[in-house]
Amino acid sequence: MDQPKAERPPKADYARIATEEAFAPAEMMNIWRKILEGPDPDPGFVSLIGFYMTSQAERPRHIMNCLTDLGAMRLRHMEEAGIDRQVIALTSPGVQVMEADSAVDFAKVANDELAEACRNHPTKFSGMVAIAPQKPAEAAKEIERGIKQLGLTGVIINSHTHGEYLSNPKFWEIFEAAEANDTPIYLHPNTPPRDMIRPFLEVGLDGAIFGFGVETGLHALRLITSGVFDRFPKLQIIIGHMGEALPFWAYRLDYMHAATVRSNRYESMKPLKKKPSEYLRENFHITNSGVAWEPAIKFTQDVVGTDRVLYAMDYPYQHSIEEVHSLDRMQMAPEVKKAFFQTNAEKLFKIS
Ligand code: 1DF
Ligand code: MN
């Protein structure tokens, strides 16, 4: 598994910047283990992390091995796959499954560790700030520390926090801090929360295969319909996996949102300044993490614009050199392909 399975992709006219790449500090596994062994752990957490922490199968062992490495092995895997730079973030669910105080403390530990790796390998690694949404005021402070003092770029939020969504105004200090520090937030998947997961879990669809996308697409849509972007018009959210399918929904979202608002059906669905699809085009960036599929990439470029669609590998969960080759071969104008692989990421994450 540790051997490359395909030829190293040749140098291209663009740098390949992968923007949804995961790491986990080794000490986080100990905290996670205690949560798994504690009373009534979250069923999605048990299904996902319980599996990765105990399975002896080849794929999970390879992934666990890669997650904790921020040095030689990761750099070799990048080299073998022709990846010039990784934008690295704390793997899901990160600190969001912890109780509030340890979440706040451990986010700082993870950010210090990631920042150090980025300082050691400044041309290879960029890193995002992890925060504990459990304590929005602390999260806002950590965003500022991560961006201004640690030199990190972007904020990672692994979707819901104990079943709560950022559409709730109690979390909006986080958005205020993101706007103030001019940094995007990567809304990365998590397993569906306790009150959503049963029909997924009973047929094995709760993880990255489908449950992730449903849960995170819902989260992103809740941000739109709750009016987050009317309140924070400059806020930029990044979503992976080809926008968790939202671009494909855009037409129907616009139609049904307007129809629902017009008929005063829900107290919770108020009029917005713009159509849902306009927020997708103005407040979202979309990565292709895990979707090395030309038609989906082109469709999404068509819906949100070629300046808002970025490359991501999803290392180590989808560690495939073959996919890099197939994306290199996409039939796409050279300047658009360069935007996809390189320049959109450089602008968004302020990489020079
Ligand atoms: C998996 C996939 C797990 C992704 C992840 O984090 C993750 C997986 C725990 O395959 O179990 O980030 N992913 O983004 O596709
Ligand atoms: Mn991922």
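The values are calculated or read from the model by the stated rules, or taken from the named source; none is laboratory data. As the structure is a prediction and not an experimental result, all values here were calculated from the model. So basically every Cβ, Gly included, is an ideal-geometry build from the backbone, and we count neighbours across all protein chains shown.
Within the stretch 213-240, being closer than 19 Å to Ala22 by Cβ, in a helix (DSSP H, G or I) and either free of Cβ contacts under 8 Å to residues at least 60 places away in the same chain or among the acidic types (Asp, Glu) (or both) holds for Gly213, Glu215, Thr216. Going through the stretch 246-267 one residue at a time, which ones are surrounded by fewer than 17 Cβ atoms within 10 Å (Cβ to Cβ) and under 30 Å from Ile209 (Cα atoms)? Hits for the stretch 246-267 are Phe248, Tyr251, Arg252, Asp254, Tyr255, Met256.
Give me a count of the residues in the stretch 3-46 that are exposed (fewer than 10 other Cβ atoms within 10 Å of the Cβ) and touching a residue at least 60 places away in the same chain (Cβ under 8 Å). Number of matching residues: 1.
Residue-level analysis places Arg76 among those that are away from ligand 2 (no atom under 16 Å from the Cβ), farther than 24 Å from Phe212 by Cβ and at pLDDT 95 or above. Given the condition more than 15 Å from the chain's Cα centre (by Cα) and polar (S, T, N, Q), answer yes or no: does some residue in the stretch 182-201 qualify? Among the residues of the stretch 182-201, not one is more than 15 Å from the chain's Cα centre (by Cα) and polar (S, T, N, Q), which makes the answer no. For the stretch 219-236, taking the residues that are away from ligand 1 (no atom under 16 Å from the Cβ), closer than 16 Å to Ser277 by Cα and hydrophobic (A, V, I, L, M, F, W, C), the one that is surrounded by the fewest Cβ atoms within 10 Å (Cβ to Cβ) is identified as Leu221.
Among the criteria (1) over 29 Å from Glu173 (Cα atoms); (2) surrounded by fewer than 17 Cβ atoms within 10 Å (Cβ to Cβ), the one Val109 does not fulfil is (1).
Of the listed requirements (1) closer than 28 Å to His162 by Cβ; (2) at pLDDT 95 or above; (3) part of a loop (DSSP other than H, G, I, E, B), Ala292 misses just one: (1).
Any idea which of Thr287, Thr306 is within 16 Å of ligand 1 (Cβ to nearest atom) and either more than 18 Å from the chain's Cα centre (by Cα) or polar (S, T, N, Q) (or both)? Selected residue: Thr287, the only one of Thr287, Thr306 that is within 16 Å of ligand 1 (Cβ to nearest atom) and either more than 18 Å from the chain's Cα centre (by Cα) or polar (S, T, N, Q) (or both). For the stretch 268-282, the condition of being of a type in the set (S, T, N, Q), within 17 Å of Leu187 (Cα to Cα) and either away from ligand 2 (no atom under 16 Å from the Cβ) or modelled with pLDDT of 95 or more (or both) holds for none of the residues. Just checking, does the stretch 136-154 include any residue being surrounded by fewer than 17 Cβ atoms within 10 Å (Cβ to Cβ), part of a loop (DSSP other than H, G, I, E, B) and either in contact with a strand residue (DSSP E or B) (Cβ under 7 Å, 6 or more places away or on another chain) or not small (Gly, Ala, Ser) (or both)? Within the stretch 136-154, none of the residues are surrounded by fewer than 17 Cβ atoms within 10 Å (Cβ to Cβ), part of a loop (DSSP other than H, G, I, E, B) and either in contact with a strand residue (DSSP E or B) (Cβ under 7 Å, 6 or more places away or on another chain) or not small (Gly, Ala, Ser) (or both).
Filtered by the rule that a residue be part of a helix (DSSP H, G or I) and within 22 Å of Pro169 (Cβ to Cβ), the stretch 254-277 gives His257, Thr260, Val261, Pro276. Scanning the stretch 14-27 for residues that are away from ligand 2 (no atom under 16 Å from the Cβ) and of a type in the set (A, V, I, L, M, F, W, C) turns up Ala15, Ala26. Looking across the stretch 285-300, the residues that are within 15 Å of ligand 2 (Cβ to nearest atom) and either in contact with a Cys (Cβ under 9 Å, 6 or more places away or on another chain) or aliphatic (A, V, I, L, M) (or both) come down to Ile286, Val291, Ala292. Take the stretch 92-101 and flag every residue that is surrounded by 23 or more Cβ atoms within 10 Å (Cβ to Cβ) and not in a helix (DSSP H, G or I). Hits for the stretch 92-101 are Ser92, Pro93, Met98.
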